[in-house]
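A.B. asks: Structure provided below as structure tokens; questions to follow.
The values are calculated or read from the model by the stated rules, or taken from the named source; none is laboratory data. Everything quoted here is computed from the prediction, not taken from an experiment. In this analysis, Cβ positions are derived from the backbone assuming ideal geometry, glycine residues included, and neighbour counts consider all displayed protein chains.
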């Protein structure tokens, strides 16, 4: 089992819809979770971090964390074509507390 | 303030040559990370530095890869006797310190092509 798993996609949603991106992790002791966005040919940029169970909202983005079920999700409301990118989930995990990266989910928002 | 910078932005080299990739972290960031990303693939951890020390070199693919950091700032990743499979984007990131919850900020990357 991979330490951090994401559906590779592509996830395709129409403009204005809600995009839901999911990530599961294996280390039950993980405490810190991050969502990064990576446009094609660019480097990853941080969207949100979350540390506590529940929801955390920032503009059109909401991160949801459920430690009991070991998943973290990212919701993008009112999706825009400019949201089309690969979304990377990263989790501090492992005995050496290293940041572990998922392979990313490709999102396409169609006008 | 300035973000993470990397140079060169692009590098084309011939198989067997040595290359040096440079990373200049955000001022004040004590932690520095090197990753590799092949086309369409995820991030592959290579090495990280806390100050000038590299506690975890487990990700370096072979002994042809080495990295150093001096003055707690600039880091250089060196690839000796490059091979075609070394072609990838090499990303550097920095964070204020190493530890749970520390956000990593990425540079623009160096695109390496080995012919």
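A.B. asks: Would you check which residues across the stretch B:30-49 are surrounded by fewer than 17 Cβ atoms within 10 Å (Cβ to Cβ), more than 9 Å from chain A (Cβ to nearest Cβ) and over 14 Å from the mean Cα position of the chain (by Cα) and list them?
C.D. replies: The answer is B:39, B:40.
A.B. asks: Which residues, counting only those in the stretch A:39-65, are in a strand (DSSP E or B) and within 14 Å of another protein chain (Cβ to nearest Cβ)? Break it down stepwise before answering.
C.D. replies: Restricting attention to the stretch A:39-65, the residues satisfying the condition of being in a strand (DSSP E or B) are A:45-50, A:54-58, A:61-65.
Correct list: A:45, A:46, A:47, A:48, A:49, A:50, A:56, A:58, A:63, A:65.
A.B. asks: Which ranges mark the strands (runs of 3 or more DSSP E) fully within the stretch B:12-108 that have 2 or more residues being touching a residue at least 40 places away in the same chain (Cβ under 8 Å)?
C.D. replies: B:19-24, B:31-37, B:44-50, B:75-79, B:88-95
A.B. asks: Then there's this: Which of the residues spanning the stretch A:1-32 are crowded, with 16+ Cβ neighbours inside 10 Å and over 15 Å from residue A:104 (Cβ atoms)?
C.D. replies: Correct list: A:13, A:27, A:30, A:32.
A.B. asks: Hey, among the residues in the stretch A:66-79 that are in contact with a strand residue (DSSP E or B) (Cβ under 6 Å, 6 or more places away or on another chain) and assigned to a loop (DSSP other than H, G, I, E, B), which one's surrounded by the most Cβ atoms within 10 Å (Cβ to Cβ)?
C.D. replies: Residues of the stretch A:66-79 in contact with a strand residue (DSSP E or B) (Cβ under 6 Å, 6 or more places away or on another chain): A:70-76, A:79.
Filter once more, so that each one left must be assigned to a loop (DSSP other than H, G, I, E, B): A:70, A:79.
Values: A:70: 15, A:79: 21.
Only one residue fits best here, namely A:79.
A.B. asks: Continuing with the same structure: Just to be sure, is residue B:19 more than 27 Å from residue A:35 (Cβ to Cβ) and surrounded by 13 or more Cβ atoms within 10 Å (Cβ to Cβ)?
C.D. replies: For residue B:19, the condition - more than 27 Å from residue A:35 (Cβ to Cβ) and surrounded by 13 or more Cβ atoms within 10 Å (Cβ to Cβ) - is met.
A.B. asks: Run down B:73, B:58 and say which single residue is exposed (fewer than 13 other Cβ atoms within 10 Å of the Cβ) and at pLDDT below 95.
C.D. replies: Exactly one residue qualifies, and that residue is B:58.
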